[in-house]
Amino acid sequence: MLGKKGRILSGHRPTGLLHIGHYEGTLRNWAALQDEYDCFFEIADWHALTTGYDDTADMPERIEQIAIDWLASGLDPERSTLFVQSHVPEHAELCLLLGMVTPVSWLERCPTYKDQIANLSDGAGPGYGLLGYPVLQAADIIMYKANVVPVGEDQLPHLELTREIVRRFNNFFGGIFPEPDALLAEFAAVPGIDGRKMSKSYDNTINLSDTLDEVARKMKSMFTDPEKLRMGDPGHPERCPVFVYQRMYNDPARLDEIKMQCEAGELGCVQCKLEATERLIEAVGPVMERRAELAGNLDLVHRVLREGAEKAGAVAADTMAEVRGAMSLDSTR
Ligand code: TRP
């Protein structure tokens with residue numbers, strides 16, 4: 001931690017293979033923060049159970065796969081701590097204790113909770129764990145006394161709740177925990193191959209686990225400007241998902257040319273897609289290749305997570321000793 005600006009914790013639920021939307025929106029940003037901050041990156045398997053509690057058989061595989069995606073994307077176990085939430089059971093104890101000081105009304109008001117219960121398919125209604133999602137997330141963050149939490153905008157309500165829970169806890173038991181700040185990454189949403197936001201639920205993703213052939217095939221089938229039907233038709237780059245890829249991966253001078261050539265009807269979509277694919281593969285291909293190597297070396301992946309759990313567990317043990325002391329729960333230990 002010496003010489004670093006502070007401590008970061010962030011996490012992700014192991015819900016499936018990660019795609020280039022995750023890479024551009026989250027992982028590249030996390031990887032870049034590793035030199036400046038002491039970073040903890042958590043695979044939040046318990047959080048994944050708040051909605052997917054009825055089918056957990058593939059959890060070990062989902063955890064492996066997200067760990068591989070992370071390592072391939074440049075999260076570096078030499079500089080950062082990569083771990084699985086359930087490997088550090090102190091998270092459950094801190095969550096339980098924070099639950100005592102957290103009013104239910106705060107949790108019921110949380111917009112992510114309201115969204116989730118509107119879409120519930122289980123007739124039994126929302127689970128206790130789902131309501132407590134932000135309490136568990138607060139425990140994740142403050143266990144490491146993180147001051148900075150790099151997250152997407154959708155997580156801001158959870159961050160605000162963490163801050164409120166911290167204030168209430170500190171008020172009762174002394175100023176043990178810092179109030180963490182969110183760090184929002186600036187990036188434009190990555191469109192999927194159908195032009196909508198890239199998302200597993202739309203089945204429009206380019207995954208980090210795809211082969212280069214699959215990437216090329218998907219890019220070839222990408223939607224373009226719907227008004228540009230024939231080669232010579234003038235195009236509208238600002239309405240075209242392929243142009244977003246050109247903007248992400250091509251250099252600015254070439255981008256201006258593409259824009260002009262497309263608008264003049266001189267550049268065909270097939271050609272444009274081929275160029276975007278080349279640039280994409282130059283930028284992300286190395287991540288995909290590293291990923292393929294790591295997928296064949298699960299021993300290494302498991303070792304990283306084991307060592308990460310040891311490092312995280314040591315910090316968690318210290319924090320919990322402090323918390324038990326502050327709450328007078330350590331008298332007969
Ligand atoms: N709720 C986060 C998400 O869905 C995952 C998460 C769990 C998290 N614990 C965290 C994020 C702690 C930041 C900090 O993406």
Could you run through region 182-198 and say how many residues are in contact with a strand residue (DSSP E or B) (Cβ under 8 Å, 6 or more places away or on another chain), without any contact (Cβ under 8 Å) to a residue 60 or more places away in the chain and closer than 19 Å to Glu238 by Cβ?
1
List pairs: first residue in region 40-65 and within 19 Å of Asp299 (Cα to Cα), second residue in a loop (DSSP other than H, G, I, E, B) and within 15 Å of the ligand (Cβ to nearest atom) anywhere in the structure, Cβ distance under 6 angstrom, at least six positions apart or on different chains.
Ile43/Pro14; Arg62/Pro14; Ile63/Pro14
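Working only within region 143-156, note down all residues that are more than 10 Å from the ligand (Cβ to nearest atom), part of a helix (DSSP H, G or I) and over 16 Å from Glu108 (Cα atoms).
Within region 143-156, just Glu153 meets the criteria.
Matching residues to (1) closer than 16 Å to Thr277 by Cβ; (2) not hydroxyl-bearing (Ser, Thr, Tyr):
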residue: Asp140; (1), (2): no, yes
residue: Leu183; (1), (2): no, yes
residue: Ala189; (1), (2): no, yes
residue: Leu208; (1), (2): yes, yes
residue: Leu212; (1), (2): yes, yes
residue: Ser221; (1), (2): yes, no
residue: Thr224; (1), (2): yes, no
residue: Glu227; (1), (2): no, yes
Of His19, His12, His47, the only residue that is within 16 Å of the ligand (Cβ to nearest atom), over 12 Å from the mean Cα position of the chain (by Cα) and farther than 16 Å from Leu294 by Cβ is His47
Against the definition (within 12 Å of the ligand (Cβ to nearest atom), surrounded by fewer than 22 Cβ atoms within 10 Å (Cβ to Cβ), closer than 22 Å to Tyr144 by Cα and not aromatic (Phe, Trp, Tyr)), how does Thr26 come out, yes or no?
yes
Identity of the residue in region 97-147, among the hydroxyl-bearing types (Ser, Thr, Tyr) and out of contact with any strand residue (DSSP E or B) (no Cβ under 6 Å at 6 or more places or on another chain), that ends up farthest from Leu159 (Cα to Cα):
Ser121
Residue satisfying all of: in region 66-88; in contact (Cβ under 8 Å) with a residue 60 or more places away in the chain, in contact with a strand residue (DSSP E or B) (Cβ under 9 Å, 6 or more places away or on another chain) and not in a helix (DSSP H, G or I); surrounded by the most Cβ atoms within 10 Å (Cβ to Cβ) among these
Phe83
When region 93-141 is examined, which residues are found to be within 12 Å of the ligand (Cβ to nearest atom), under 21 Å from Cys39 (Cα atoms) and in contact (Cβ under 8 Å) with a residue 60 or more places away in the chain?
Leu136, Gln137, Asp140, Ile141
Does Thr205 satisfy the criteria of being within 26 Å of the chain's Cα centre (by Cα) and part of a loop (DSSP other than H, G, I, E, B)?
yes
All-but-one check, Gly152 against (1) modelled with pLDDT of 95 or more; (2) small (Gly, Ala, Ser); (3) closer than 27 Å to Asp69 by Cα, failing number (1)
Considering only residues of region 160-178 that are over 21 Å from Gly325 (Cβ atoms) and surrounded by fewer than 21 Cβ atoms within 10 Å (Cβ to Cβ), which is farthest from the ligand (Cβ to nearest atom)?
Glu164
Which residue, of Asp140, Asp181, is closer than 21 Å to Met327 by Cα, modelled with pLDDT of 95 or more, assigned by TED's automatic domain parsing to the domain that holds Gly99 and within 18 Å of the chain's Cα centre (by Cα)?
Asp140
Which one of Glu186, Glu214 is surrounded by 13 or more Cβ atoms within 10 Å (Cβ to Cβ) and of a type in the set (D, E, K, R)?
Glu214
Of all helices (runs of 4 or more DSSP H) fully inside region 227-333, the set with 3 or more residues that are within 30 Å of Phe173 (Cβ to Cβ), touching a His at 6+ places or on another chain (Cβ under 9 Å) and in contact (Cβ under 8 Å) with a residue 40 or more places away in the chain is 298-326
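The values are calculated or read from the model by the stated rules, or taken from the named source; none is laboratory data. Since we're looking at a predicted model, the values are computed, not measured. No Cβ is skipped: glycine too gets one built from the backbone with ideal geometry, and neighbour counts run over all protein chains shown.
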